[in-house]
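What follows is a set of notes on a single structure, which appears directly below.
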Amino acid sequence: MSSRDRDALLAEAVRLRADGRPEEARERLLALTAEFPDDAEVAYQTAWVHDVLGLEAEAVPYYERCLRDTALAAEDRRGALLGLGSTYRVLGRYGRAVETLRRGVAEFPDDGALRTFLSMALFNTDEHHEAMRILLELLASTSDDRSVQSYRRAIEHYAKDLHETM
């Protein structure tokens with residue numbers, strides 16, 4: 001199969017997933033994965049479609065495969081780290097979720113979704129203080145709510161230590 005055929009089939013599979021036809025997308029992606037087992041982008045899209053279908057355990061090896069490749073586009077890498085971390089969390093593999101999501105936050109520190117999912121995984125590992133800190137800092141820095149913004153400094157201050165009083 002030529003790279004042009006690969007590109008066309010991959011685009012078609014992504015379109016099918018986006019159009020709400022994930023089973024058809026999965027069939028095409030599995031065929032592409034068999035043809036291009038080392039292709040990071042194909043592995044990422046295959047992982048994603050498995051997640052969409054609720055087949056989280058089947059998604060994991062594809063996420064892991066695509067993240068081994070340094071050639072994966074930054075936006076896809078961000079999505080793969082979020083997807084894998086979230087998938088580990090859904091599967092009850094909380095330590096792996098935290099590890100993966102921490103790596104994602106380290107690589108993409110301004111990504112609020114990664115920080116949000118990290119806070120959920122931290123909650124699951126009984127790291128409540130850090131989970132709350134992350135969420136409060138995210139709320140203070142991203143909320144457009146005027147009342148939140150009027151207390152932004154206090155929220156950021158308490159995010160560091162919720163046990164502290166002024």
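Every number in this text was worked out from the coordinates using simple rules, so none of it is lab data. If you're wondering where the values come from, they're calculated on a predicted model, not measured in any experiment. Neighbour counts run over all protein chains shown; Cβ positions are idealised from the backbone, glycine included.
So the values come out like this:
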item	result
Formal net charge of residues neighbouring L101 (Cβ-Cβ distance under 11 Å; K, R +1; D, E -1)	+2
Neighbour-count order for S2, S150, fewest beta carbons within 10 angstrom listed first	S2, S150
Percent RCO, i.e. relative contact order, over the chain, from Cα pairs under 8 Å lying at least 6 residues apart	11 percent
Inter-part distance where segment 138-166 and segment 1-75 are each reduced to a Cα centre, Å	40 Å
Hull volume in cubic angstrom per residue (convex hull over the Cα atoms of segment 12-166)	117 Å³
